[in-house]
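For reference, the structure discussed in these notes is given below.
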Amino acid sequence: MSKNKTYEARTEELLKPITEEHGVEIYDVEYVKEGSEWYLRAYIDKPGGVTIDDCENVSRALSAKLDEDDFIEDAYILEVSSPGLGRALKKDKHFEKSIGMEVEVKTYKPIDKEKQFTGILKSYQDGVITIETDRGEMVFEKGDTASVRLTFDF
């Protein structure tokens with residue numbers, strides 16, 4: 001397992017009892033380098049959405065646990081936030097909860113000279129994503145997608 005994945009998994013272990021205590025759920029955890037900085041990001045969610053207070057409370061508790069455990073070697077910036085309206089669908093549970101919603105699928109390789117598709121998420125099973133577009137049903141292997149996000153209109 002890569003260093004990033006190890007840090008993400010360990011952070012998720014520390015985060016689980018904190019989120020339960022604060023009435024929120026873990027959406028995702030990522031440990032990424034942007035420029036010269038490392039970021040440890042915890043995305044939390046709850047029905048109706050999270051508040052700034054939810055993020056602050058979870059951030060304080062997680063920061064204390066991370067300081068106590070001290071397993072991350074690099075200097076990093078901790079961020080706790082909502083996954084947002086245009087949230088990325090990465091895990092099976094993300095796809096399953098989003099059936100019937102509009103998504104944007106970006107592929108690594110063009111399909112009919114296009115790499116971006118929008119439609120209603122019809123199903124997700126065994127890594128196969130099916131969306132209903134204006135042109136009909138389209139099927140993608142999860143491994144062939146660069147990203148899948150919920151869309152939103154203002």
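The values are calculated or read from the model by the stated rules, or taken from the named source; none is laboratory data. Since we're looking at a predicted model, the values are computed, not measured. With ideal geometry, Cβ positions are generated from the backbone for all residues, glycine too; neighbour counts draw on all protein chains shown. Areas reflect the complete protein model, heavy atoms only, side chains present, ligands, DNA and RNA absent. Shrake-Rupley method; radii C 1.70, N 1.55, O 1.52, S 1.80 Å.
Quickly run through region 64-107 and pick out the residues that are of a type outside the set (K, R), exposed (fewer than 13 other Cβ atoms within 10 Å of the Cβ) and more than 19 Å from T133 (Cα to Cα).
The answer is A64, D67, E68, D69, D70, F71, E73, D74, A75, I77, L85.
Looking at I44, is it open to solvent by less than 30 Å² (accessible area, probe 1.4 Å), outside any loop (DSSP other than H, G, I, E, B) and without any contact (Cβ under 8 Å) to a residue 24 or more places away in the chain? Spell out how you get there, then give the answer.
Values: open to solvent by less than 30 Å² (accessible area, probe 1.4 Å): yes; outside any loop (DSSP other than H, G, I, E, B): yes; without any contact (Cβ under 8 Å) to a residue 24 or more places away in the chain: no.
When the stated conditions are applied, I44 does not pass them.
Among the residues of region 1-28, write down those that are surrounded by 13 or more Cβ atoms within 10 Å (Cβ to Cβ), in a helix (DSSP H, G or I), touching a residue at least 40 places away in the same chain (Cβ under 8 Å) and of a type outside the set (V, I, T).
Those that are surrounded by 13 or more Cβ atoms within 10 Å (Cβ to Cβ), in a helix (DSSP H, G or I), touching a residue at least 40 places away in the same chain (Cβ under 8 Å) and of a type outside the set (V, I, T): Y7, R10, L14, L15.
Give me the residue from region 116-135 that is free of Cβ contacts under 8 Å to residues at least 12 places away in the same chain and assigned to a strand (DSSP E or B) and, out of that set, nearest to E25 (Cα to Cα).
From region 116-135, those free of Cβ contacts under 8 Å to residues at least 12 places away in the same chain are 125-126, 130, 135; that's our starting set.
Then drop every residue that is not assigned to a strand (DSSP E or B), which leaves 125, 130.
Working: Q125: 23, T130: 26 Å.
Across region 116-135, the extreme among qualifying residues is Q125.
Please go through region 108-154 and pick out each residue that is of a type in the set (G, A, S) and either buried (at least 16 other Cβ atoms within 10 Å of the Cβ) or more than 14 Å from F95 (Cβ to Cβ) (or both).
Initial filter on region 108-154 (of a type in the set (G, A, S)): 119, 123, 127, 136, 143, 146-147.
Within region 108-154, G119, G136, A146 meet the criteria.
Residue by residue, here is whether (1) closer than 18 Å to I26 by Cβ; (2) not in a strand (DSSP E or B) holds:
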position: E56; (1), (2): yes, yes
position: A75; (1), (2): no, yes
position: K93; (1), (2): yes, yes
position: E104; (1), (2): no, no
position: T107; (1), (2): no, no
position: E137; (1), (2): no, no
position: A146; (1), (2): no, no
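I need a count of the residues in region 47-63 that are at pLDDT 95 or above and loosely packed, with under 15 Cβ neighbours inside 10 Å.
6
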